[in-house]
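Worksheet: the structure to be examined is printed underneath.
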């Protein structure tokens, strides 16, 4: 192959990839807009909404509690060792609480829910697509976006902040178990520093992040599953892409929200 032909081939490949990416972003935005627009349109599928709340929230509770608990315990060990060198080990409770409420609680909760519920959403909708069940909804005059996407996105928006609150509390409790019982920090001082260090702004920031992350992971999973193609292999590919893309967007949006909040 001539060098010029090789260059033209690579330019063509780059252009094709760019167009596909732009088209994908546009399709993603259109699907998200449709899902939001259909929230207040009849028929209100309340039963589906509560089913998704139970699936995303209640069934993720165990892994969220374990994640928050062990994160708080490890964080207490790490910060206590550093603070002890400066004689400031009494503030370990406040530092653990701030870290959990601002960053670790929302991010780790979203990543765990994404791994458990996001992958399942993508696989479920992907299977429905390749087996033509979504086409059957069209034939039955049921809007598939309202039936499949809207309840999941709304449930993610509501349940991830609730799970984050649980993660924050269990992280603080885990820090208490390590700091007070194992390391000998005074229990009264521990909780006093938690109250002193954590402000309303920290709680609001963590809640905003969690709601954003929940919307992202549910929407990305629904999008990847809804537009799956290629049979069983396509379902597996869509599930993997949903988890990876959601995780990257969660971390990226975490950075954006943090910068915006601190500016």
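Summary of values
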read-out	value
Single match in 185, 142 (criterion: crowded, with 19+ Cβ neighbours inside 10 Å and either within 27 Å of residue 227 (Cβ to Cβ) or in contact with a helix residue (DSSP H, G or I) (Cβ under 6 Å, 6 or more places away or on another chain) (or both))	185
Sole residue being in a helix (DSSP H, G or I) and within 19 Å of the chain's Cα centre (by Cα), chosen from 94, 62, 15	62
Residue within region 217-237 that is more than 30 Å from residue 131 (Cα to Cα) and assigned by TED's automatic domain parsing to the domain that holds residue 72 present	no
Lone qualifier among 112, 100, 69 - being assigned by TED's automatic domain parsing to the domain that holds residue 179, touching a helix residue (DSSP H, G or I) at 6+ places or on another chain (Cβ under 7 Å), within 18 Å of residue 247 (Cα to Cα) and in contact (Cβ under 8 Å) with a residue 24 or more places away in the chain	112
Boolean, residue 129 is under 18 Å from residue 242 (Cβ atoms), more than 18 Å from the chain's Cα centre (by Cα) and assigned to a helix (DSSP H, G or I)	yes
Meets criteria (assigned by TED's automatic domain parsing to the domain that holds residue 224, exposed (fewer than 13 other Cβ atoms within 10 Å of the Cβ) and assigned to a helix (DSSP H, G or I)) for residue 47	yes
Residue in region 228-241 that is within 30 Å of residue 82 (Cα to Cα), at pLDDT 90 or above and either buried (at least 22 other Cβ atoms within 10 Å of the Cβ) or out of contact with any strand residue (DSSP E or B) (no Cβ under 9 Å at 6 or more places or on another chain) (or both) present	no
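The values are calculated or read from the model by the stated rules, or taken from the named source; none is laboratory data. Since this is a predicted model, take the numbers as computed values, not measurements. We place every Cβ from the backbone using ideal geometry, glycine too, and count neighbours over all the protein chains shown.
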